Amino acid sequence: MEQSGRQAWIERWRCIAYMVALVTFWTEASAQIRYSISEEVKEGSVVGNIAKDLGIDKATLKSREYRIVGSSTEPLFRLNQDDGMLYVSRKVDREEICERSNACVINLKTVLENPLEIHYVAVEVLDVNDHSPVFPEKEKRLEVFESTLPGARFQLQPARDPDGGQFTVQQYRLSHNDHFRLEVKERGEDRKMPFLILQKQLDREAMREHKLTLTAIDGGRPARSGTIEILIEVLDVNDNSPVFTKDAYSAILNENSVPGTLVIQVNATDLDEGANSEIVYSFGKEMDIHLQTIFNIDPITGEIKVTGVIDFEENESYEIDIQASDKGTIPFSTDKTVLIKVIDLNDNAPEIEVTSFSKSVPEDSRVGTTVALISVNDLDSGPNGKVSCFISEDVPFTISPSLQDNMYAIVTKSQLDREEKSFYELTVVAKDAGQPPLSSEKTISVVVSDVNDNSPQFSLSPYTFYITENNDLVSPVFSVRASDLDDGDNAHISYHILRDNNGHSIGLFLNINSENGDILALKSFDFE
Ligand SMILES: *[C@@H]1O[C@H](CO)[C@@H](O)[C@H](O)[C@H]1NC(C)=O
């Protein structure tokens, strides 16, 4: 029992001792040799004198095979059996081997035969600033509405630099500009996110595109950098009203212009873009309905044309309110007045109106007696409405202007004589001064009334007649005739025989018919 207990103790101690030995051996075997090389060193560069560092003399090394095991098909390192050196067998790119880990260590397992020894060799590949920061794209386009308020943020993609540590991207810089500044946020370790911050509102009408350059810089000495162009396209917002290209529009239009006649073309422009700058022309909302029947405006071209009757006599000028609106969602519009002056054409003949008229004028009227009053009117203006009047025939009448405008008197210009001419037809002509002139006529009949200015005249004077004796008392012995140039009662003749006071005239024996001038004998005459 004691024997076996001791035995167990011994076994246990042995076991412990073995484990200690094993650990010691393992520790010995894995005792590392550490080398470091810079990445990108040339093929064939020495990494380290491995034989010397393991304390194996060169002669021994030749008799014992020494090799690297478990390495990839294309080994990075080569062990030279002859000189006991470890060499670089191809270009070492840290970023290829280690990607982005901070420490890049390659562990090699080496085996030395006879007796078997395993040695671990660690080769640290030191980073070299052999990469520049690179943005994922050469160019970045951003679209920003001009209405965007300052403070708006736009995330940009960060640049990448495969180098590690300080050789990766350390800072960003933005080219100088008035509208944007740069803000860089730390995202986790070694990750920097660049943002553009709008600091002053954009105005598309001032500048429609902004070009910025963002530069990423690493921490190498010298530093390497990469850039990206940032193109900011400013999107339009309807923030401008249409503007008429002229301050004032005025046109001159002939009266009687036919429908379709172009009066004037107005034009407005809008600094905005697309629909926000497309202009629609229209009449002002307050514009008189009647005017809208006389003119129209083309919504697209801004041409104002005649559609109704242009009559100077009705309207000498027009004021047309027009409006230019853009097609923005919330449209802007601008008002304007177009002044149209109508030019008078000689399209109205003078009109003659007889305002008072005496049917007849006594033949003994004084020269200058008014026969009729006329008024003359011409609806045209200027020379087209300036009228002169005259009488076309050669008659003893003339036209004299009166004090009142457009009023004329027709007056006698010489003595009338009914017995010479008792009736006149006057043609009054009114003619304006237009080119060509227009005229009109009016006929006025003037009757010259009789005045008893003529004495009766006997057809013969003296009369000599014979009476046969034994005459009969019934039949007229003779007849006298007198005539009178006057008219009516003034020409009515009655016959009388003048008798002396002493009454011994022959007349005592004769009687006259006062109406017809027949002379009758009152007694029979006896020749004897
Ligand atoms: C209107 O004005 C703009 C700017 O002056 C000009 O480019 C355009 O041709 C004009 N349009 C018409 C119809 O006259």
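Descriptive notes on the structure:
- Backbone geometry of segment 354-367 corresponds, through the Karplus equation with coefficients 6.51, -1.76 and 1.60 at θ = phi - 60°, to 3J(HN,Hα) couplings of 8, 8, 8, 7, 9, 4, 9, 10, x, 5, 8, 4, 5, 4 Hz, x marking Gly and Pro.
- To the nearest 10, the accessible area of Phe332 is 80 Å² with a 1.4 Å probe.
- Between the residues Ala251, His176, Pro401, the greatest Cα displacement towards the positive end of the dipole of the chain, with unit charges on the Cβ of Lys, Arg, Asp and Glu, is found for His176.
- With a simple spin-label model that places each label point 7 Å from the Cα along the Cα-to-Cβ direction, the separation between Glu303 and Lys52 comes to 10.0 nm.
- Check: the chain dipole with +1 on Lys, Arg Cβ and -1 on Asp, Glu Cβ, in debye: 6180
- Pairs with C-alpha atoms separated by more than 24 Å, drawn from the list Lys140/Lys200; Lys140/Lys185; Lys62/Lys109; Lys341/Lys442, are Lys341/Lys442.
- Stretchable slack from Arg181 to Ser360, in nm (0.36 nm times residue separation minus alpha-carbon distance): 53.8 nm
- Rolling a 1.4 Å probe over the protein heavy atoms gives the chain an accessible area of 60 Å² per residue.
- Comparing Phe312, Ser282, Asn267 along the charge dipole axis of segment 243-343, the residue lying farthest to the positive side is Asn267, per the Cβ-charge model.
- When the chain is described by a simple charge dipole with +1 on each Lys and Arg Cβ and -1 on each Asp and Glu Cβ, the residue from Val105, Phe465, Val477 located farthest towards its positive end is Val105.
- When peptides 284-293, 419-428 are sorted by average Cβ neighbour count within 10 Å, with the highest value leading, the order is 419-428, 284-293.
- When Lys91, Lys359 are compared by accessible area of protein heavy atoms, the largest-first order is Lys359, Lys91, using a 1.4 Å probe.
- Close amide H pairs (under 5 Å, H built 1.01 Å from N) link Ile230 with Lys140, Leu212, Thr213, Leu214, residues at least 5 positions away or on another chain.
- Computed on the Cα trace of segment 320-469, the radius of gyration divided by the Kirkwood hydrodynamic radius gives Rg/Rh = 1.48.
- Reach of Lys336 by Cα under 25 Å, taken over lysines that are not fewer than 8 positions away in the same chain: Lys246, Lys285, Lys305, Lys327
- Close amide H contacts of Val128 (hydrogens built in the peptide plane, cut-off under 5 Å, sequence separation of 5 or more or a different chain): Glu39.
- Counting DSSP beta bridges with both ends in segment 243-343, the antiparallel % (nearest 5): 80
- Charge dipole (Cα centre; +1 on Lys/Arg Cβ, -1 on Asp/Glu Cβ; no other charges) of segment 453-528 amounts to roughly 220 debye.
- A protection proxy built from the mean count of other Cβ atoms within 10 Å ranks the segments 377-386, 390-399, most packed first, as 377-386, 390-399.
- Stretched out straight at 0.36 nm per residue, the stretch from Glu43 to Arg6 would grow longer than its current Cα-Cα span by 7.0 nm.
- Translational diffusion coefficient of the chain (Stokes-Einstein, Kirkwood radius from Cα pairs, 37 °C, 0.692 mPa s): 83 µm²/s.
- Per-atom-type breakdown for segment 126-246 gives carbon and sulfur 47% of the accessible area (1.4 Å probe, protein chains only).
- Between the helical axis of 2-30 and the longest alpha-carbon principal axis of the chain there is an angle of about 50 degrees.
- Note that segment 332-343 has calculated 3J(HN,Hα) couplings of 10, 9, 10, 9, 8, 10, 10, 9, 10, 9, 9, 9 Hz, one per residue in order, obtained from phi through the Karplus relation 6.51 cos²θ - 1.76 cosθ + 1.60 (θ = phi - 60°); glycine and proline are x.
The values are calculated or read from the model by the stated rules, or taken from the named source; none is laboratory data. Fair warning: this is a prediction, and the values are worked out from it, not measured in the lab. Cβ sites come from the backbone with ideal geometry, for glycine too, and all protein chains shown count toward neighbours. SASA here: full protein model, heavy atoms, side chains in, ligands and nucleic acids out. Shrake-Rupley method; radii C 1.70, N 1.55, O 1.52, S 1.80 Å.
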